[in-house]
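These notes are about the structure you will find just below.
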Amino acid sequence: MEVHANNNAPTKNVWQSTTSTRLSLGQWLGIFLRPTADTMESSGPSPTSLNNFRVVYLITQMVGAAIVILMGSWIGVHLGGLSWTSNPATQFNWHPLLMSIGMIFLYGNSILVYRGFRYARKKPLKVTHAAIHGLAFVFTVVALVAAFDSHNLAKVPIPNMYTLHSWVGMAAVVLFGLQYLFGFVSYLFPGVRESMRSTYMPVHVFFGVLGFVLAVAASLLGLLEKAIFAMPDYRYLPPQGVLVNMIGLLLVVYGGLVVFLVTDPMYKRKALPEDAMLLTHSPSSQ
Ligand code: HEM
Ligand code: HEM
């Protein structure tokens, strides 16, 4: 989004300015949320823009929690609850629950960690980023086992990997696995040289965000698929249908908010002086 702003006249209304300066989407939103002069500055996060970050971050967390809670309610109230291999039909229900915790809520939170905790030191942030992704991966593996078991252990076994949902979902999981491997080796252990870390960073961010978008897309496809399997009367929009559609909309909102917060340059974490000190002591402090 591009708006013309005059850096030399901070009290001038943004609509009347003449010199061209790029405003990020966050600053653009800031104009509406709090119309003060510092929303016109394009370099670095101002206190106002960070307040906007906090508000959007809080809303994002609430939407993410709502997805998990509503998914749990759908499973508990309409899909027969949870079990393991004793009943493959309800064993399946772990799949959407654990995927929405792992591939959606935890994944989103992990990629937001550098921006949500911007004043923490780099090294603990990296360890937290890697640990939350690791936890998300464990949830994802158990969720996949539940889906495959529910097909293979059914009285009449169901073929595997035949749907678009399963293909998009598997693409997201494979990308996630590769991303983890490359991220870990480059930035945590053993760590590669500084020039390679900087060259790889935009690639890491791009594929990290792409994996998240794929996970949201896979969840939407899976949700629709399960809704059609589970509700012969879906076309009459029963209460269960409204619940499923609401979860889908919340997934879109959560996905949009996370991508916004993680890609807006204004919210990017600025290096702390301690980071530079760490750089001189550790080969992997980027
Ligand atoms: C990022 C999240 C998700 C990923 C990576 C994912 C991945 C997969 C994969 C790989 C399968 C194939 C299992 C097999 O062939 O045996 C599958 C099956 C299934 N998933 Fe998901 N899933 C995700 C989220 C969801 C959600 C939220 C739902 C909602 C209920 C869902 C519903 C289903 C259904 C109904 C099946 C069985 C039919 C089929 O194979 O497509 N999935 N999922
Ligand atoms: C599936 C695994 C991973 C995904 C999806 C992922 C994704 C991302 C994304 C989207 C960002 C941009 C964050 C921002 O700009 O605020 C990022 C930054 C970063 N990630 Fe990862 N990452 C993964 C694993 C790792 C691992 C294992 C490490 C090793 C420590 C790592 C290290 C970093 C570093 C150092 C940054 C730069 C933060 C900054 O802007 O200063 N990532 N990652």
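What to note about this one:
- Computed 3J(HN,Hα) for segment 214-230, one whole-Hz value per residue from the Karplus formula 6.51 cos²θ - 1.76 cosθ + 1.60 where θ = phi - 60°, is 4, 5, 5, 4, 4, 5, 5, 5, x, 4, 4, 4, 5, 4, 5, 5, 8, glycine and proline marked x.
- For a modelled paramagnetic label at Val77, 7 Å from Cα along Cα-to-Cβ, the residues of segment 99-113 in reach, with backbone nitrogen under 20 Å, are 100-101.
- Phi-derived couplings, Karplus 6.51 cos²θ - 1.76 cosθ + 1.60 at θ = phi - 60°, listed residue by residue for segment 258-272: 5, 5, 4, 5, 8, 10, 5, x, 5, 8, 5, 5, 8, 4, 8 Hz, with x used for Gly and Pro.
- Residues of segment 115-159 with amide N under 12 Å of a point placed 7 Å along Cα→Cβ from Leu210: none
- Cα lying deepest toward the dipole's positive end in segment 58-170, options Ala136, Ala154, Trp84, charges on Cβ: Ala136
- A cut-off under 15 angstrom between Cβ atoms defines the neighbours of Leu98, and their net charge, with Lys, Arg +1 and Asp, Glu -1, is 0.
- Phi-based couplings in Hz for segment 45-60 (Karplus 6.51, -1.76, 1.60; Gly and Pro marked x): x, 7, x, 5, 5, 6, 5, 4, 4, 4, 4, 5, 4, 5, 4, 4
- Model label sites at Asn245 and Val127, defined 7 Å from Cα along the beta-carbon direction, differ in position by 4.8 nm.
- For the pair Met231 and Met196, a Förster radius of 51 Å applied to the C-beta separation gives a FRET efficiency near 0.50, rounded to the nearest 0.05.
Bear in mind these aren't lab numbers, they're just calculated from the coordinates by the rules spelled out. Worth saying up front: this structure is predicted, and the values here are computed from it rather than measured. Don't worry about glycine lacking a Cβ; one is built from the backbone with ideal geometry, like all the others, and counts go over all protein chains shown.
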